[in-house]
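K.L.:
Please see the structure below; I have some questions.
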């Protein structure tokens with residue numbers, strides 16, 4: 001029995017240690033689920049580019065970023081073409097495979113465009129693509145065009 005006890009103790013320790021090795025999924029793994037979940041979107045996103053044909057002046061500045069909170073609120077920080085740094089706030093929700101964006105207040109809003117109905121897609125990295133028509137979702141460039149704002153994952157909100 002004396003020789004069996006250390007072996008049983010080691011086996012019990014190994015079983016407990018291995019059961020605690022479950023790693024949290026990465027954001028890329030969370031965002032691989034379809035349909036896209038709120039869990040995937042909650043966090044900080046850097047605006048990398050705006051894909052729009054035939055419209056000039058709708059380009060993000062370095063440091064433009066979007067924070068999507070668990071409670072359905074968002075803050076978009078951006079720099080206007082004249083260099084002034086601003087922010088917009090509002091609420092967001094997933095609906096029918098897309099996103100509804102409603103601006104509540106902020107330094108720079110167009111009148112009469114709330115809410116914005118957007119399609120969303122997640123690429124690798126993950127990369128968030130928000131596609132809208134006639135207005136870009138967060139930069140709110142105004143033109144008769146289809147806009148796709150492309151955001152890169154930056155991290156969780158603390």
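Read the figures in this text as sums done on the coordinates, not as results from a lab. None of these values were measured; they are calculated from a predicted model. All Cβ positions, even for glycine, are placed from backbone atoms using ideal geometry, and neighbour counts span all protein chains on display.
K.L.:
Could you give the length gained by full extension between residue 152 and residue 51, i.e. 0.36 nm per residue of separation minus their alpha carbon distance, to one decimal place?
P.N.:
34.9 nm
K.L.:
Return the Rg/Rh value of region 18-100, two decimal places, where both radii are evaluated on C-alpha atoms and Rh is the Kirkwood radius.
P.N.:
Result: Rg/Rh = 1.07.
K.L.:
Right, another one. Between the alpha-carbon centers of region 136-158 and region 34-51, tell me the distance in whole angstrom.
P.N.:
9 Å
K.L.:
What ranking do 43-51, 69-77 get when scored by the average of other Cβ atoms within 10 Å per residue, highest first?
P.N.:
Highest-to-lowest ranking by the protection proxy: 43-51, 69-77.
K.L.:
Sticking with this structure for a sec: Suppose R0 equals 25 Å; then what is the FRET efficiency for residue 37 and residue 134 from their Cβ-Cβ distance, rounded to the nearest 0.05?
P.N.:
In this case the efficiency is close to 0.35.
K.L.:
Under the definition of Cα pairs under 8 Å and six or more residues apart, what whole-number percent is the relative contact order of region 26-155?
P.N.:
Dividing the mean separation by the residue count of region 26-155 yields 25 percent.
K.L.:
Can you give the extra length, in nm with one decimal, that the chain gains between residue 77 and residue 93 once fully stretched, where that is 0.36 nm per residue apart less the Cα-Cα distance?
P.N.:
3.9 nm
K.L.:
In µm²/s, what is D for region 26-155 at 20 °C and 1.002 mPa s, where D = kT/(6 pi eta Rh) by Stokes-Einstein and Rh is the Kirkwood radius from Cα pairs?
P.N.:
Using the Kirkwood radius from Cα pairs, D works out to 146 µm²/s.
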